[in-house]
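Participant: Have a look at this one before I ask anything.
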Amino acid sequence: QTAILTALDASPAGTLTDSRTISAAGTLLGSQEAQAVVKSALDSLLSKEMVDYKQITTNVYGLTEEGAQIAASGSHEFRVWQACPAAGAGAPVTVPELKKLLGDDTVKVGQGRAFKNKWIAKDGAGFVRAAAAPVDETAEQLREVQTTGGQAGGDKVLKELIKRKLVGARKQLHFSASKGPKFATEVKTLETDLSTDMVSSGKWKEAEFKPYNFAAQGQATEGGALHPLLKVREEFRQIFFDLGFTEMPTNHFVESAFWNFDAMFVPQQHPARELQDTFYVKDPAKAFIPDEAYYERVRKTHEVGGYGSIGYRAPFLRADSERLLLRTHTTAVSTDMLYRLANQPGGFKPAKLFSIDRVFRNEATDATHLAEFHQVEGVVADYDITLGHLIGFMKEFFAKTGNHKLRFKPAYNPYTEPSMEVFSWHEGLGKWIEIANSGVFRPEMLEPMGLPKGVRVLGWGMSLERPTMIKYKISDIRTLVGHKTDLLGVKSAAAVRLDKGDD
Ligand code: PHE
């Protein structure tokens, strides 16, 4: 920068016509590498409005291999003349002799030209010199190009030399510069930020600010990536859609204890309802009970029974039903949906429903547990369907996720009877792993809703995290969600095809 500013300062016109002519620290900045450095110095000075500059492209000429050879030892015709003796000073040289001496190529071109130039003359079978001291114009022109990169003889000569492939042209970048509005011989550092200090001290008044560079490229923006859970969720969604299921609206995380537990025939004394298992919501304090007559039927079923059941015969408090909580399972939404199915205009119609969404449990977190996770749930409601249908649906569904070998084990859920845990043979891990919970919903849950007597409802549920962790070989659930998420891992996670079952 100083070299440029000094050169401009020294010039009476305040201009620099060719940036290749300046030198910094004793070296001429003629090379293209040096000009790249000059350009960045000019850019920086331009941003401070200290200079203006233009880029110039010029052709520089250099010798080809053949050109360099001629510059060194003369043109072909000159070398032929050199090889011939002066008239009367010896035996004339024959063509074969010349060829032996100078090589075929030189003689082929040189002999004719030397003869045409009248530098040599025929003498019997050979040649002798006809000129005493010919001027080797080509060699001299080439020597000039070699030392100056140009040709005083002008474009015509250069064109001819290029045509003869003795000279080549190369483009060279350099710059011309002139003083800018804020020209000075010294570079001042400009302020880039207006600080509170500058404002309170009043220094901003004298400070010189660097202008904005609106042409700057800015930082490259990074692309987004789907989280592995979302990729696997999408796979499950498509499987459900393939099987003709409809997605349930699960977009509310806060649910009433009524829908989450009571309506599902989960007793009010059930341990899962306790504070250490469920997150309750303080505000608003109370949930709204959707339908008093339905509520009354639910209460009676819990307290004294009905629909063939003797009930829990334990106290049932409205205050407990009205509590709000973060839903502990998506089955709360399925329950609400079944109630709507029973009470829709035109009455109940068979349905296949599914949901994949977030649930919350007040749990200590470790490598396999988080206080929030996702559930995948399928529900089928129709007349006279059986446990066999449930097994059939699950075989069909899980086969599409790559689980072809299933086992069912009797289990207990307050809201299903019978209930089954589902196990799948995992080829990679070499063992049976539990993959789902399932069952046939109890009449104590369905009949108070007003579902016709012959209607059976089947369901199965599982977590989204577990198959995702198996697919992506993630051993700690805490690297999947939350503040310890492995963002790079998320970015590079491959797409997943559940039906390939290739984990
Ligand atoms: N809600 C059950 C769970 O939390 C899953 C389930 C859904 C079981 C439907 C039976 C029927 O594990």
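Participant: Do we have Gly124 as open to solvent by less than 80 Å² (accessible area, probe 1.4 Å) and at positive phi here?
Facilitator: In short, yes.
Participant: Quick one: would you say Ile470 is within 27 Å of Ala411 (Cβ to Cβ), touching a residue at least 24 places away in the same chain (Cβ under 8 Å), more than 16 Å from the ligand (Cβ to nearest atom) and outside any helix (DSSP H, G or I)?
Facilitator: Considered against the rule, which asks whether it is within 27 Å of Ala411 (Cβ to Cβ), touching a residue at least 24 places away in the same chain (Cβ under 8 Å), more than 16 Å from the ligand (Cβ to nearest atom) and outside any helix (DSSP H, G or I), Ile470 comes out as no.
Participant: Shifting gears a bit: Take the residues of segment 241-263 that are assigned to a helix (DSSP H, G or I) and in contact (Cβ under 8 Å) with a residue 60 or more places away in the chain: which is nearest to Leu353 (Cα to Cα)? Spell out how you get there, then give the answer.
Facilitator: Initially, segment 241-263 is screened for residues assigned to a helix (DSSP H, G or I), giving 241-242, 257-260, 262-263.
When the remaining residues are screened for being in contact (Cβ under 8 Å) with a residue 60 or more places away in the chain, the result is 242, 257-260, 263.
Details: Asp242: 12, Ala257: 22, Phe258: 21, Trp259: 17, Asn260: 18, Ala263: 18 Å.
Step by step, filter segment 241-263, then rank; the result is Asp242.
Participant: Sticking with this structure for a sec: Out of (1) under 30 Å from Lys300 (Cα atoms); (2) within 11 Å of the ligand (Cβ to nearest atom); (3) assigned to a strand (DSSP E or B); (4) not aromatic (Phe, Trp, Tyr), the odd one out for Met445 is which?
Facilitator: (3)
Participant: Here is a further query. Which one of the conditions (1) free of Cβ contacts under 8 Å to residues at least 40 places away in the same chain; (2) within 24 Å of Tyr415 (Cα to Cα); (3) assigned to a loop (DSSP other than H, G, I, E, B); (4) of a type in the set (A, V, I, L, M) does Ile433 fail to meet, given that it meets all the rest?
Facilitator: (3)
Participant: Could you run through segment 412-422 and say how many residues are touching a strand residue (DSSP E or B) at 6+ places or on another chain (Cβ under 9 Å) and closer than 15 Å to Val266 by Cβ?
Facilitator: Within segment 412-422, residues that are touching a strand residue (DSSP E or B) at 6+ places or on another chain (Cβ under 9 Å) and closer than 15 Å to Val266 by Cβ number 6.
Participant: Does Glu421 satisfy the condition of being within 16 Å of the ligand (Cβ to nearest atom), open to solvent by 30 Å² or more (accessible area, probe 1.4 Å), of a type in the set (Asp, Glu) and touching a Pro at 6+ places or on another chain (Cβ under 9 Å)?
Facilitator: yes
Participant: Please indicate, with yes or no, whether at least one residue in segment 147-157 is surrounded by 17 or more Cβ atoms within 10 Å (Cβ to Cβ) and over 27 Å from Val95 (Cβ atoms).
Facilitator: Yes, that holds for at least one residue.
Participant: Would you please name the residue that is nearest to the ligand (Cβ to nearest atom), looking only at residues in segment 385-405 that are at pLDDT 95 or above and more than 20 Å from Arg233 (Cα to Cα)?
Facilitator: Among those residues, the one meeting the criterion is Leu390.
Participant: Output the helices (runs of 4 or more DSSP H) that fall wholly within segment 95-167 and possess 3 or more residues being under 60 Å from the mean Cα position of the chain (by Cα), or say none. Write out each step before concluding.
Facilitator: Details: elements: 95-102, 104-116, 137-148, 155-163.
Helices (runs of 4 or more DSSP H) meeting the threshold: 137-148, 155-163.
Participant: Within segment 424-441, how many residues turn out to be open to solvent by 50 Å² or more (accessible area, probe 1.4 Å), within 11 Å of the ligand (Cβ to nearest atom) and not polar (S, T, N, Q)? It would help to see each step written out before you state the result.
Facilitator: To start, the set of residues in segment 424-441 that are open to solvent by 50 Å² or more (accessible area, probe 1.4 Å) comprises 425, 427-429, 431-432, 434, 437.
Going one step further and asking which of them are within 11 Å of the ligand (Cβ to nearest atom), we end up with 434, 437.
From what is left, the residues that are not polar (S, T, N, Q) are 434.
Count: 1.
Participant: May I pose another question? I want to confirm something. Restricting to segment 374-418 and keeping residues that are among the hydroxyl-bearing types (Ser, Thr, Tyr) and under 21 Å from Thr330 (Cβ atoms), which single residue is most open to solvent (accessible area, probe 1.4 Å)?
Facilitator: In this case the residue turns out to be Tyr412.
The values are calculated or read from the model by the stated rules, or taken from the named source; none is laboratory data. Model, not experiment: these values are computed from the prediction. Here Cβ is always computed from backbone atoms with ideal geometry, including for glycine, and neighbour counts include all displayed protein chains. When the accessible area is computed, the model is the full protein with side chains, heavy atoms only, and any ligands, DNA or RNA have been set aside. Shrake-Rupley method; radii C 1.70, N 1.55, O 1.52, S 1.80 Å.
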